[in-house]
Every structure is written in C-alpha cells, then in structure tokens.
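Here the structure is laid out as structure tokens; the discussion comes afterwards.
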Amino acid sequence: MEKVQVNDCEDVLLSMKMIAANLNEIIDRLDREAIKSMIQKILEGERIFVMGAGRSGLVAKAFAMRLMHLGFSVYVVGETTTPAVRPQDVVIAISGSGETHSIADLGKIVKDIGSTLITVTSKKESTLGRVSDIAMILPSKTKNDPDADGYLERNMRGGYKNLPPLGTSFEITSLIFLDSIISQLITLTGASEAELKSRHTNIE
C-alpha cells in the first residue's frame, strides 16, 4: 500500500457523531411491546440459540457470551458443539436484511421444528421477518438496500466520503440493543457483578 500521511482525524469524529445521531433516532422508533415479548421468551426458553452471518454473526456471538455470563444455556448455531434445537428452545437470528440465504433457510427449519424464532432485523417484510414469532425491527440502512437516495453515487463522487460503510449502522445498533437487553435481564434476574464475573472464562 502506498504510504499515506495522516493529517487529521475529522472523518473518525464525524462518523462517530453520525452513528450516535442515528442511534438516538432509532431508539425513539423501537417497538416496546416487541422488546418485552423478546425478553419474556428469552426468560421462558429452555435453551437459547443465536445465529447470524458475517459481522452480524459476530454480534450474535457477543450476545451469546453475555447470556452465558448470566447463566443461560446458550449456543451459537454452526459451532461444532452446538446440540439439536428442540421445540422448547428459543432461536435468535440477527440479519440486517432478513434475507441472508443461510440464516433465512435456518429460520424456516427452526419454525418446522416448532421452536420460537426471534429475528433482530431492519426489514419487517423480509423472509425472516415474516416467519418469525417476534420480529425486532431496528430501522437501519443495510448493504442490500436499493440505492434510491443516491448514497453510493454520492459516496463515489466524494460527497459521503466520511460515512461508515453500509451495514455498519445495523451492526452497531444491534450490538448496543442486545447489550441493553442484557442490562434488562440483569435487573429481572437480580444477577450480581460477582456472578457474571464468576462465569467469565479463566483460560484466555
């Protein structure tokens, strides 16, 4: 790569401000009933399974880690030690578009099994959104959205050069949303900081 001289960090700060502003806007649009239903299902499920592809998959793993710290029986779909899903289990899918083929296909299998399917997505009328028992909508622009407002063209011409890549908004929002779900679960279960720490890995 050609040597580049870093003269300022304005794009870093502008991107952070735009992400924060977007997050504040999304918070006001969240469906509180869907949030309550999602939390109730998590509490009632015998085991929790999470799944997602790409960066959404990393968000899913981060959420699984926090659920484990809280004492839930939780698994990441696709890992070699993940057991079979049963009807009394809850499966949480994370997909910005709700159309990621591998995750959408798995969502249909979850429904065939009879398990509860919760999808965190930005598209209610997506394949996953339509088949889910609960569709938690985080309104965000994703990489698969049509370029109706000329985002890509303006980006190529330098008009939006300081914006984060498409998809980033959903991934960051879903990470913060799911960590906030953990905060509510801590309150509801009465878990202490000491309990959470006791379940943290000690061989890293």
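Ranked by accessible surface with a 1.4 Å probe, highest first, in what order do Asp11, Asp89 come?
Asp11, Asp89
Simple spin-label model, 7 Å along Cα-to-Cβ: Thr201 to Glu25 in nm?
Rounded to a tenth, the inter-label distance reads 3.7 nm.
Let me spell out the model: positive unit charges on the Cβ of Lys and Arg, negative unit charges on the Cβ of Asp and Glu, origin at the Cα centre of the chain. What dipole size does that give, in debye rounded to 20? Before the final figure, lay out the partial values.
Details: 23 positive and 26 negative charges, 34 e Å.
Dipole about the Cα centre, nearest 20: 160 debye.
Kindly provide log₁₀ I(q)/I(0) values, in the same order as q = 0.11 Å⁻¹, from the Debye equation applied to equal alpha-carbon scatterers of the range 33-99.
Once normalised to I(0) and log-transformed, intensities are -0.24.
Stretched out fully, how many nm does the piece from Ala84 to Thr187 gain, at 0.36 nm a residue minus the Cα gap?
34.1 nm
What 222 nm value per residue comes from the helices of the chain, counting each DSSP H run with n ≥ 4 as -39,500 (n - 2.57) and dividing by all residues, nearest 500 deg cm²/dmol? Please list the in-between numbers first.
Values: 8 runs with 99 residues, N = 204.
Result for the chain: -15000 deg cm²/dmol, rounded to the nearest 500.
What's the longest bit of the chain with no exposed trypsin sites (Lys or Arg not before Pro), using DSSP loop states and at most 15 other Cβ atoms within 10 Å as the test?
Working: sites that count: Lys3, Arg29, Lys143, Arg157, Lys161, Arg199.
Longest site-free region, per DSSP loop and neighbour criteria: 30-142.
Can you compute the charge dipole magnitude of the range 1-74 about its Cα centre, using +1 on each Lys and Arg Cβ and -1 on each Asp and Glu Cβ, nothing else charged? Give it in debye, rounded to the nearest 20. Working shown, then result.
Numbers: 10 positive and 10 negative charges, 77 e Å.
Charge dipole, the range 1-74, about its Cα centre: 380 debye, nearest 20.
What full-extension length gain, to one decimal in nm, is calculated for Ser102 and Arg47 as 0.36 nm per residue of separation minus the Cα-Cα distance? It would help to have the intermediate numbers written out before the result.
Values: separation 55, 0.36 × 55 = 19.80 nm, distance 2.15 nm.
Additional length available on full extension: 17.6 nm.
Which of the GluC sites (Glu not before Pro) across the range 1-45 are loop residues per DSSP, with 13 or fewer other Cβ within 10 Å? Don't jump to the answer; show the numbers that get you there.
Working: sites: Glu2, Glu10, Glu25, Glu33, Glu44; in loops: Glu2.
Answer in residue order: Glu2.
Give the accessible surface of the chain per residue, rounded to a whole number of Å², with probe radius 1.4 Å and ligands, DNA and RNA excluded. Could the numbers behind the result be given before it?
On the way: 12040 Å² over 204 residues.
Accessible area per residue, the chain: 59 Å².
When the accessible area of the range 34-85 is computed with all protein chains present and a 1.4 Å probe, what percentage of it is carbon and sulfur?
Result for the range 34-85: 52 percent of the exposed heavy-atom area is carbon or sulfur.
For the pairs Lys41/Lys124; Lys36/Lys124; Lys17/Lys124; Lys41/Lys197; Lys17/Lys41, note any where the Cα-Cα span goes beyond 23 Å. Present the calculation step by step, with values, prior to reporting the outcome.
Values: Lys41/Lys124 19 Å; Lys36/Lys124 17 Å; Lys17/Lys124 27 Å; Lys41/Lys197 25 Å; Lys17/Lys41 34 Å.
Checking Cα-Cα distances, Lys17/Lys124; Lys41/Lys197; Lys17/Lys41 exceed 23 Å.
The values are calculated or read from the model by the stated rules, or taken from the named source; none is laboratory data. On a predicted model such as this, the values are computed, not experimentally measured, just so you know. Because the Cβ atoms are built from the backbone with ideal geometry, glycine has one as well, and the counts that use them run over all protein chains shown. Only protein heavy atoms, including side chains, enter the accessible area calculation; ligands, DNA and RNA are left aside. Shrake-Rupley method; radii C 1.70, N 1.55, O 1.52, S 1.80 Å.
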